[in-house]
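Data block below; observations after.
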Amino acid sequence: MKPENAIEITDVSMKFNLYKENVDNLKEYFIKYLKRQLSHDEFWALKNISLEIAKGDSMALIGRNGSGKSTLLKIIAGVLKPTKGTVERSGSIAPLIELGAGFDPDLTARENVYLNGAMLGYSRSMLDEKYDDIISFAELEPFVDVPLKNFSSGMYARLGFAIATIAKPDILIIDEVLSVGDFKFQEKCEERIAKMMEGGTTVLFVSHSIEQVKKICNKAAWLDHGTMVMHGDVFEVCDMYSKN
Amino acid sequence: MKIKVYISNFMQYKLLLKELVLRDVKIKYRRSVLGLLWTLLNPLLMMIVLTIVFSNMFRFDIDNFPVYLMCGQVIFNFFSEASSTAMSSIIFNAPLIKKIYVPKYLFPLSKVLSCFVNLVSSVIALVIVMFITKTPITGTVVLFFIPVIYALVFSIGMGVLLSSLAVSFRDIMHLYGVLITAWMYLTPIFYPISMLPDFLKTIIMFNPLASFVEMFRDVILYGNIPSWSLHLRCFVPCLIVLVLGVFVFKRQQDEFVLKI
């Protein structure tokens with residue numbers, strides 16, 4: 001891996017098996033098994049993707065629904081293992097793939113900060129230290145001892161964002177989460193991301209809003225049906241994409 | 001080298017393991033008036049019911065029946081609860097596994113450990129019963145942790161194994177309830193081994209839970225130091241199940257996210 005790169009994606013392909021549930025009972029299953037008709041359809045969500053992202057860059061992934069953007073993000077975050085190819089990363093990753101994915105609705109906000117923080121690999125002492133920051137950023141001071149099941153979806157997302165971005169990660173992965181909360185909170189989120197980028201964090205960003213992409217990123221990669229159409233400077237790629 | 005990576009990875013997620021166990025314990029008793037006290041009360045009340053049933057309806061010739069029964073129950077209930085909850089842990093945590101990377105063995109492991117918390121308070125309940133029934137306390141009592149550790153290792157192995165099997169073969173979740181009932185009757189919890197016909201005695205020799213229970217009673221109730229052959233009957237199944245569980249889990253864990 002080259003030292004100037006934060007992420008290196010080499011020839012990555014991802015295959016999903018589409019299990020179609022067209023077998024209703026055991027007899028049918030058995031007959032189909034004997035006739036060897038039980039094969040499932042294969043679906044290649046990504047085909048031979050290669051991409052290098054340099055440290056400090058902010059790369060946008062654009063493309064239509066179902067083009068494989070989220071799959072690629074999950075592979076980079078380590079959630080999925082690619083069928084073929086390799087992904088190399090350097091440094092810590094903060095995945096904002098879905099805010100509050102690890103929250104337990106029965107626990108209070110305070111308890112969830114520690115649970116979710118532990119899932120992201122933070123240490124206890126760091127969580128103790130940053131606890132007040134997290135709560136004040138999420139603007140949830142009056143509700144720290146309320147179980148999360150009573151929270152609104154905006155409160156949920158705010159807390160999720162606050163926890164995930166409290167450490168300064170080397171790589172930040174954002175999957176269309178900036179569309180949460182009111183516009184004031186969105187501004188706050190963007191501000192925090194901008195601050196991280198100034199500090200040298202590499203950002204990977206997925207969005208359908210070309211405006212937002214141009215505002216945040218300096219590079220872009222365009223995916224279509226699992227293949228890379230083009231990548232390079234954000235304005236060039238976005239212009240081609242908009243014309244298409 | 002590789003082991004070092006595993007250990008440092010585990011150390012990083014040690015806090016998560018603790019938080020997961022804490023969560024289980026907290027949620028289980030949240031909003032109940034007696035709270036954590038239930039972990040103590042439950043085995044006590046259960047013991048009282050079963051003692052009444054088996055001293056009046058079905059009589060076995062066993063000295064100090066309450067303690068005899070509880071020794072068996074403490075171990076078996078721990079195993080039964082730990083392995084069943086660990087089995088579904090991967091499937092229940094599907095939303096999480098699909099979104100964040102966390103070492104997946106933490107889920108079955110945390111379930112077994114939260115049941116272990118229950119086991120500890122059941123042991124306290126057992127001590128209370130021993131005082132009430134005026135059971136003579138012998139020096140071997142201090143060895144009680146040995147069979148408990150065996151049961152813990154065996155449960156971790158089974159939990160890890162079952163949790164990965166359950167992902168690709170869901171039927172096991174429905175089957176396991178029946179299996180665990182059969183297993184319970186094959187373990188001398190409320191009856192003496194001596195009442196069984198010979199062929200069943202041989203089967204029970206190969207039942208690791210019966211061996212754990214036997215060793216537990218040896219040190220608590222009878223003041224015997226466990227024999228080497230009994231240790232062997234406990235140790236070998238633990239090792240086999242743990243190695244098999246880890247092997248199957250490691251081979252399957254990358255597929256989990258595609259199947260849940």
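All of the numbers you see were taken from the coordinates with simple rules; none came from a lab. Note that this is a predicted model, so its numbers are computed, not measured. Note: ideal-geometry Cβ built from the backbone for every residue, glycine included; neighbour counts use all protein chains shown.
Descriptive notes on the structure:
- Kyte-Doolittle mean at least -0.5, axial Cα span of 15 Å or more - DSSP H helices of chain B: B:2-12, B:14-29, B:37-56, B:65-87, B:106-132, B:145-168, B:171-185, B:228-259
- In plain terms, if you count all Cα to Cα distances in the protein assembly as shown and split them into 10 Å steps from zero, the share in each step is 4, 16, 23, 21, 17, 11, 6, 2, 0 percent.
- Peptide B:117-125 has a mean of 0 when you count, residue by residue, the C-beta atoms of other protein chains within 10 Å of its C-beta.
- Dimensions of region B:1-132 based on its C-alpha atoms, expressed as ranges along the principal axes with the largest first, amount to 57, 38, 26 Å.
- Taking every residue in B:19-25 and counting other chain Cβ atoms within 10 Å of its Cβ, the average works out to 4.
- The sum of -39500 (n - 2.57) across all DSSP H runs of n ≥ 4, divided by the residue count of chain B, sets its helix-only mean residue ellipticity at 222 nm to -25000 deg cm²/dmol.
- Checking the Cα-Cα distances for A:Lys69/B:Lys26; A:Lys184/B:Lys18; A:Lys55/A:Lys214; A:Lys74/B:Lys250; A:Lys47/A:Lys74 against a 27 Å cut-off, the pairs over it are A:Lys69/B:Lys26; A:Lys184/B:Lys18.
- Between the amide H of A:Thr227 and those of A:Lys47, distances stay under 5 Å, these residues lying 5 or more places away or on another chain, with hydrogens modeled in the peptide plane.
- For the peptide B:93-103, the mean number of other protein chain Cβ atoms found within 10 angstrom of a residue's Cβ is 6.
- Distance in nm between pseudo-label sites at B:Leu258 and A:Asp106 (7 Å out along the Cβ direction from Cα): 3.3 nm
- Cα Rg, Dmax (largest Cα-Cα span) when computed across region A:100-167, Å: 10.4, 29
- Cβ crowding within 10 Å averaged over residues, with B:158-164, B:96-102 ranked highest first: B:158-164, B:96-102
- Whole-Å semi-axes of the ellipsoid equivalent to region B:2-259 (Cα gyration tensor, √5λ, descending): 33, 21, 18
- Among B:Thr135, A:Thr202, sorting on how many other beta-carbon atoms sit within 10 Å of each Cβ, with the fewest leading, yields B:Thr135, A:Thr202.
- 222 nm mean residue ellipticity, helices alone, for chain A (DSSP H n ≥ 4; -39,500 (n - 2.57); rounded to 500): -11000 deg cm²/dmol
- Volume in Å³ per residue [convex hull over Cα atoms, computed for region B:160-256]: 116 Å³
- Of the chymotrypsin sites (Phe, Trp or Tyr not before Pro) found in region B:162-206, the ones in coil according to DSSP and having at most 16 other Cβ atoms within 10 Å of their Cβ are B:Phe169, B:Phe206.
- Residues whose amide H comes within less than 5 Å of that of B:Phe60, counting only those at least five positions distant or on another chain, are absent (H built at 1.01 Å from N in the peptide plane).
- Entry for chain A at q = 0.09, 0.15, 0.16 Å⁻¹: log10 I(q)/I(0) = -0.47, -1.04, -1.13, Debye formula applied to identical alpha-carbon scatterers, no solvent contribution.
- Region B:2-259: relative contact order in percent, alpha carbon pairs under 8 Å with at least 6 residues between: 26 percent
- Separation between Cα centres of region A:47-81 and region A:155-221, rounded to whole Å: 16 Å
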